[in-house]
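First comes the structure, then the notes that go with it.
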Amino acid sequence: MIDQATIDRILDAAQIVDVVSEFVTLRKRGVNYIGLCPFHNEKTPSFSVSPSKGLCKCFSCGKGGNVVHFIMEHEQLSYYEALRWLAKKYNIEIKERELTAEERQAQSLRESLFIVNQFAAEYFQDILYNHIDGQRIGMTYFRQRGFRDDIIKKFQLGYSTDSRDALAHAALQKGFKAEFLEKTGLCIKKDDGSLRDRFWGRVIFPVHTLSGKIVAFGGRVLNAQTKNVQMKYVNSPESEIYHKSRELYGIFFAKQAIVRQDRCFLVEGYTDVISMHQSGVENVVSSSGTALTGDQIRMIHRFTNNITVLYDGDMAGIKASIRGIDMLLEEGMNVKVCLLPDGDDPDSFARKHNATDFQSYINAHETDFIRFKTDLLMEEAGKDPIKRASLISGIVKSISVIPDAIVRSVYIRECSQMLQMEEKVLIESVAKLKEKAREEKIKEEQRKLYREQQLQTTAGAPTADDVSVQKTADLENEVPDETRKTSGPFSEKNAISSEETPPFSGKVPPTDIYNSYIPLEGNEQKVFFAKERELMRVLIRYGEKIMCYIEDENGEEKPLTVIECIATGLKEDGLQFHNALHRKMLEESERHLHDTGFSTEKYFIAHPDPSVSKLAAELASDRYQLSKYHSKGQHIISDEERLHELVPRLLIDFKLSIVEEEMKHTLQALANQSIASDPMQYKKVMEHYKELQETQSIMARKAGDRVVLKI
């Protein structure tokens, strides 16, 4: 892991205008620079770069951040990969923390396997271009498929001769260990201890990771000597660096195009991807003939919400793959399906058409998956009532996994018309399936917790209950009675859900214990969430600033910072930020407030957690300045000049809005059948609701007074 000192040196050295200019044509406008956004198609420049703040922002699509976030988004790299990219550009030596012996061994093994794979890729390419069999057999095959030389080179295609141990001999002569050749799957160890090449007599398709490293190979049989081989394609086995369920063929070459087009095409094979690239359609990936997995879906979802699955008209193949598409729907993706003309697969169709014609065909013939599945299976079911019932159950199941309630509702209405069924029946069926899935998830979590507790008990370690009791005892010993809350809308006795709390030491309770009836996700459009974001903007921009002076117990004036005002104001009513990331940032602000030279904006923008630094960069953007007021003399009063009035107002508005939301969800909880039928639970929820009413009444009076702290 890169140490913080090195991260700071990289951020200090990296000039955002310098870096962005490598990818975007910028022109100066005032103190900033503007250009066309590289993350979406636009004709009017809306991408702004601020050299003074070291931030960039597209005010159309919303993407941006500091220099690291820009490289992460543009090059589709991880946080630490982006830091290394910048370190290389500015010739900064990367210093990482010392690894344990086990970590060093694992890292050394992974690096060795990648090096062996890189050697093999170069070896296969050399054979393709310079060996007589490579030119006569391998290159002839690629040319017959219509692949141009630049495409062959781009995808690093290669060839392995008919000699069954040629690669093994070449690698051993270069000093590579037999152990690594076997672990990568390039070679197979025979009973006599000798090595045999896995891919002999085949054309080679290297598989690249998201960052471009060669992680595996696919080989297609060609020569007559290998005709007795049962499988046309042979792929690398699983290894320390290769897990086929996590890789997508072509993702390294497609990632930027996927972001730019905001759509991904999913095909079946290597040649489908390559031919579509050659025709000009680059936002395409392949699951390489395996069933689509959750990891692969999440990788695509990083770049787009929209996916189009291309089929070649093989009904058996379509029905087999339909099961996997439910996983795409469950991930919240917009799934469309396109059937290619009879006799064509993506490979052959791409070779006949250019990118414009290809896109036009897809736009004209693609349909959403639910409609496609309904049409496909309705035709098969015909008038058979049993088959129709089975079909409807399958479609309802697909709809039930869609996370967005509005999208589910639209599909239910459409299916009701297509299937000539009452919408009410479909709604009830979807609700039952969702409830069943929720119960299964709870049971699985309980089984997982039970297994973990059994393992802990077997090992003599404390159980989860023991840990919980100890944490409570620790907090009671550390926190003064006047600080610890024993009641209130978010108190421990009213716990409904809680998140894992990181190790904490100090006199203030951990801020990441959050107890509430409000769902943890899906609140971005709620009033309280907007108020919370406004408080976070003030915190990031002015957290360490003194907003006013207050009298202490001895009657002496002491300064009150924005951080202290927000933190204290929340704790006095037993409230917290709803968002876990916001809670983490507020807690860190309190912890570092009195560090020499501490600045919330600088600290969080350079934070090692990319989710924190990205949020800080977004909130620090000038476009998000809360407001500007004019005085009588037309002097513009900035937010910083009126923090003594602004922060208390925002704080009370947030408190009111989150209590109102909590009351609404508490009433919904009372309507829950399991709670209503349990007198103890019902009483507990009612007490919670009464506490909320009392808190709301007190805060409403405060809001009415609108007390402004004096500077």
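A quick yes/no check of all residues on (1) open to solvent by 60 Å² or more (accessible area, probe 1.4 Å); (2) closer than 30 Å to TYR542 by Cβ:
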position: GLU645; (1), (2): no, yes
position: PRO648; (1), (2): no, yes
position: LYS664; (1), (2): yes, no
position: ALA669; (1), (2): no, no
position: ILE675; (1), (2): no, no
position: ASP678; (1), (2): no, no
(1) over 19 Å from VAL68 (Cα atoms); (2) open to solvent by 30 Å² or more (accessible area, probe 1.4 Å) all hold for SER46 apart from (2)
When the range 387-410 is checked residue by residue, the ones that are touching a residue at least 40 places away in the same chain (Cβ under 8 Å) and surrounded by fewer than 20 Cβ atoms within 10 Å (Cβ to Cβ) are LYS397, VAL401, PRO403, ASP404
Looking across the range 347-381 at residues that are without any contact (Cβ under 8 Å) to a residue 24 or more places away in the chain and aliphatic (A, V, I, L, M), the single one that is nearest to CYS264 (Cα to Cα) is ALA364
Filtering the range 281-305 down to residues that are modelled with pLDDT of 90 or more and open to solvent by 10 Å² or more (accessible area, probe 1.4 Å) yields GLU282
The number of residues in the range 92-101 that are open to solvent by 100 Å² or more (accessible area, probe 1.4 Å) and at pLDDT 70 or above is 1
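For the range 132-158, which positions are in contact (Cβ under 8 Å) with a residue 40 or more places away in the chain, of a type in the set (A, V, I, L, M, F, W, C) and under 18 Å from SER279 (Cα atoms)?
PHE142, PHE147, ILE151, PHE155, LEU157
Select from the range 133-155 the residues that are out of contact with any Ser or Thr (no Cβ under 9 Å at 6 or more places or on another chain), part of a loop (DSSP other than H, G, I, E, B) and surrounded by 17 or more Cβ atoms within 10 Å (Cβ to Cβ) and list them in ascending order.
Hit for the range 133-155 is PHE155, nothing else.
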Counting only residues that are farther than 18 Å from GLU282 by Cα and modelled with pLDDT of 80 or more, the range 306-329 contains a total of 3
Given (1) more than 30 Å from GLY146 (Cα to Cα); (2) at pLDDT 85 or above, TYR361 misses just (1)
Condition set open to solvent by 10 Å² or more (accessible area, probe 1.4 Å) and out of contact with any Gly (no Cβ under 7 Å at 6 or more places or on another chain), scope the range 243-254, selection farthest from LEU113 (Cα to Cα): answer is PHE253
Over the range 11-40, the set of residues assigned to a helix (DSSP H, G or I) and among the acidic types (Asp, Glu) is ASP12, ASP18
Checked pairs for the range 50-75, first of a type in the set (Phe, Trp, Tyr), second open to solvent by less than 40 Å² (accessible area, probe 1.4 Å) and assigned to a strand (DSSP E or B), C-beta under 6 Å and 6 or more apart or across chains, list as PHE70/CYS56
Taking the range 561-590 and keeping only residues that are in a helix (DSSP H, G or I) and of a type in the set (S, T, N, Q), one is left with THR568, SER589
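The values are calculated or read from the model by the stated rules, or taken from the named source; none is laboratory data. Being a predicted model, the structure only gives us computed values, none of them experimental. As a convention, Cβ positions derive from the backbone with ideal geometry for all residues, glycine included, and neighbour counts pool all protein chains shown. Surface areas here come from the heavy atoms of the whole protein model, side chains and all, with no ligands, DNA or RNA. Shrake-Rupley method; radii C 1.70, N 1.55, O 1.52, S 1.80 Å.
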